[in-house]
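Worksheet: one structure, shown below.
Since every read-out is calculated from the coordinates, none of them should be taken as a lab result. All of these numbers come straight from a predicted model, not from anything done at the bench. Glycine also receives a Cβ, built like all others from the backbone with ideal geometry; neighbour counts cover every protein chain displayed.
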Amino acid sequence: MKKRRSHRFLALTLASVFGPAMPVSADIQIQGDWVRLGDVAPVSGVAADKPIAAAPLPGQRMPLSSAFIEAQASAAGFPVDLPDGQMIWIAKSPDAPPATQAAPPPPQHRAAPVMRIEDTQEDGEVPVLVTDVRRGDPITPDMIAYQPLQTGRRIQGLIRSASILGETEATRTIRAGQPLSLRDIQPVSIVKKGDLVKLIYERGPLKLVVNAKALNDAARGDTVRLQNLQSNRSMDAVAWAPGEARVGTAFFGSES
């Protein structure tokens, strides 16, 4: 695994040196339910296991932008430099093994105790929410309980551990007591549509800051469309922190 990964990062490094015409390695193949930072960037330690995006379904592929990967790696303390505008493709094998099957619940009916994310999960139980949430609502530990999964029920992308729900928000309305799928969640947005943010360009001693308004929601490292409040022009930047976005060029806006 380490040898294959080193070849992949060598190809990415060469592409950054010789420009976008340099071919990048084939799709990055994964098996799990999440794309982790170590799959797409040369990081190590705990940072390599950080989940940054839900994996595609078996047999499908999806892109991650170089700007997104650079932002995630930089936030983890591993600055990397990838070709501007490069898309890194993630693929999941059609025969990727499903998530580990939990043992069937006991036949007798029992109430599901409310637990925190760090509490122990019993066999046959899956995390559910104890209250309804709407799209964009953050999911917090006090919202989560475990309950037995109905025998024979099959849910694509079923979430079996509450630890996956940390720092996420709902992508749709979720009813209390409903088993959760990976499609129901996404990394929590640190910038919301309509927020006023500082748009920052910083390189060496040079730092430029302008006020802007967010035109869409964005999680940390995601692309956010911003309107420059001084010129009324719009551009794309990377959501960096609450109330802050960054751009890798001093060009502060193209025609909207």
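For region 135-223, the square roots of the Cα gyration tensor eigenvalues, ordered a ≥ b ≥ c, give a/c of at least 1.5 with a/b greater than b/c, which places it in the prolate category.
Please list 170-183, 197-210, 37-50 highest first by mean number of surrounding beta-carbon atoms within 10 Å per residue.
The most tightly packed comes first, giving 37-50, 170-183, 197-210.
Computed on region 190-246, the Cα convex hull volume stands at 66 Å³ per residue. Peptides 133-145, 67-79 ordered by packing proxy, namely the average of other Cβ atoms within 10 Å per residue, highest first: 67-79, 133-145.
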